[in-house]
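The values are calculated or read from the model by the stated rules, or taken from the named source; none is laboratory data. Since the structure is predicted, the reported quantities are computational estimates derived from the model, not experimental observations. Reconstructed Cβ throughout: ideal geometry from the backbone, glycine too, with neighbour counts over all protein chains shown. Accessible surface areas use protein heavy atoms only, side chains included; no ligands, DNA or RNA. Shrake-Rupley method; radii C 1.70, N 1.55, O 1.52, S 1.80 Å.
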Amino acid sequence: MVNVPLSVLLRALLLLGLLISTSGAQAAVKASIDRDPVALDESFTLLIESDSATSAAPDLAPLSDAFEVISQSQSSAFRIINGRSSSEQRWNITLTPKQEGKLTIPPLQVGNETTRAIPVTVTHTSAAAAAPADSDIWLEVSAQPTQLYVQQQVIFSVQLWLAVNLANGFTLSAPRLTDADAVVEQLGEGEQYQASRGGRRYMVLERRYAIYPQKSGQFTIAPLQFDGRILDPGRGGFMLDPFGPPPRMKRLRSKELTLEVKPRPTEAGSGPWLPATKVTLVEQWSPDPPTFKVGEPVTRALALMADGLTSAQLPPLTGEPPTGLKAYADQPDLHDNKDTSGITGVRQEKIALVPSAPGEYLLPALEIPWWNVTTGKREIARLPARTIKVTADPAAATSTASPPTPQTQPAAPTPPAPIEPSATPPAPYPAALAPRFDPQWWPWLSLILGSGWLLTLLAWGGSALRRRTLKRRLPTPAVGKGGEKGERQQVYQACHNNDPTAARQALLAWARTHWPEDPPTSLLSLAERVETALASELQALDHQLYAADQTTWQGAALQRAFSSENSGKEKTSAAAPSPLTPLWHS
């Protein structure tokens, strides 16, 4: 696999969507669309931005072959930052496609600049041509795919079709799976566009979600509910008209959808379970190319990106280094890139490698197995093994190669004559190096040393007193809502009920309260911070939740281990709070 520089790849990810620049590196005009694909008879927005003060409007004539211009608006902004002025012009152009297929928005002329061409996919109308009986307002939902694997991403869409005006404010419930534990993430703030149905034009409000079922089986996405007030069509837009009829309440419920969630296939093998559409593993070295010398650190940055997974689902990337290399890992950086097509999870890790001896070392290949949900096959994201050569420290090599020249030993001294009472004692080394010590200095030297020792003792005692005073003044750190004691009770209750899903949720809630600054996001990451007995039970619970061969779970063992863990920590905390923060392990 080609090693793509990490900075280049991440920069490409960040420049997607509205931040995609024009084809010229110095272009002053850029264009983007708010969504892709779009359905026939649906509208979408073409956004054109110019960072120069131009009065020329875009030439929209090239659009007429494949698109219809519904409306357009213009806005401008002027800024002064650090004494430098800048201006920006924006055009929002609402378009509808005239045909299905792979279309292209051609380059458009804006003054002396030209926008880039933008591809757009136009699909067939997503629903039947006929509108429901109540054709003024209705809900429409869809899910893709409806047959999937456990923990695979489902894109759920809900559309509110409107041919009437809404009064201010409405509520629309979020999707949930009945009788199943699922992670639900909303994708963006929602979209608004126009679409035609049965020869009539509607305003469509759409929200999209990513849903991750956490166990296998057949489940139902419960109907969503809309509650709002609609205005009588004869009132126009005057909501405060005292002579018109009041807004009428309207409640809608969508249809329910069924999902077939398959367990993890045996062909996936052991290790992390990553059902995704694409997984990419890259590395970057600093310096690049790396040069290894004894005692000098070299940083290796690793990044794992998975389309269709959250960053919390991605496994650690570092392993044990070969003997002779010491590894120091930073905290991993986890973040999710969201758009209307789904979530791309990104996990980044940085490891400083410090050689302790010269020679050749083999960094083993890094392999991340994953399940391709498109092809239904197991694949591996891989970085090949790398042999590195470590050279000796030049300073150490010089000192080793050139030992000091031995001095010629002096002849044995002649035994001294017997010392008379008035004689001066002989010096134990040459007279030129003998210390000039006056016995009359001793009292003054003792006084100086004693005073210095006393001042040091007083300074140390004052510092300790200030620390104790400051500690008494510091407020006690706030715990999570309900308190850590309440979270522990939830764990005990879930174990008593033998409910693995509730146990997982209660444990992660307790962990968020126990480590508010850096809470673990999964059972496996929590297992890395606790004692061995509790860690083993957490790993067993994680296997129970996500394994294909699920059995009846008994929570007694986990309850005992959790109780023992917290009992020991409470005693320690009561005796003397530890100043150490939890260690992170790769």
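Computed values, structure above
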item: Solvent-accessible surface (1.4 angstrom probe) belonging to Ser536, in square angstrom, nearest 10; result: 60 Å²
item: Efficiency of FRET between Glu528 and Thr501 - r from beta-carbon atoms, R0 22 angstrom, step 0.05; result: 0.50
item: Local electrostatic count, Thr114, Cβ distance below 13 Å [Lys/Arg +1, Asp/Glu -1]; result: 0
item: Residue-level accessible surface for Thr532, protein heavy atoms, 1.4 Å, Å²; result: 110 Å²
item: Surface accessible to a 1.4 Å probe, Thr280 within the full protein complex, Å²; result: 30 Å²
item: Near-label residues of segment 143-166 by backbone N, under 18 Å of a point 7 Å along Cα→Cβ of Arg229; result: 164-166
item: Kirkwood hydrodynamic radius (C-alpha pairs) into Stokes-Einstein, segment 323-392, 25 °C and 0.890 mPa s, D in µm²/s; result: 159 µm²/s
item: Sparse-neighbourhood loop sites, trypsin sites (Lys or Arg not before Pro) in segment 244-349 - DSSP loop, at most 13 other Cβ within 10 angstrom; result: Lys255
item: Local electrostatic count, Glu189, Cβ distance below 14 Å [Lys/Arg +1, Asp/Glu -1]; result: -1
item: FRET efficiency, 1/(1 + (r/R0)^6) with R0 30 Å, evaluated for Gln147 and Ala174 via beta carbons; result: 0.85
item: Full-extension gain in nm, Arg386 to Ser536, via 0.36 nm per residue minus C-alpha separation; result: 50.6 nm
item: Projected label distance in nm at Lys485 and Arg378, using a 7 Å step from Cα toward the beta-carbon; result: 5.0 nm
item: Kirkwood hydrodynamic radius (C-alpha pairs) into Stokes-Einstein, segment 236-363, 4 °C and 1.567 mPa s, D in µm²/s; result: 66 µm²/s
item: Cβ-Cβ FRET estimate between Ser64 and Gln194, R0 fixed at 22 Å, reported to 0.05; result: 0.75
item: 12 Å beta-carbon shell around Tyr361, net charge (K/R +1, D/E -1); result: +2
item: Subset of Lys293/Lys350; Lys215/Lys350; Lys278/Lys350; Lys102/Lys262; Lys350/Lys389 violating a 29 Å alpha-carbon distance limit; result: Lys215/Lys350; Lys102/Lys262
item: Over segment 169-230: Rg over Rh, Cα atoms, Kirkwood Rh; result: 1.06
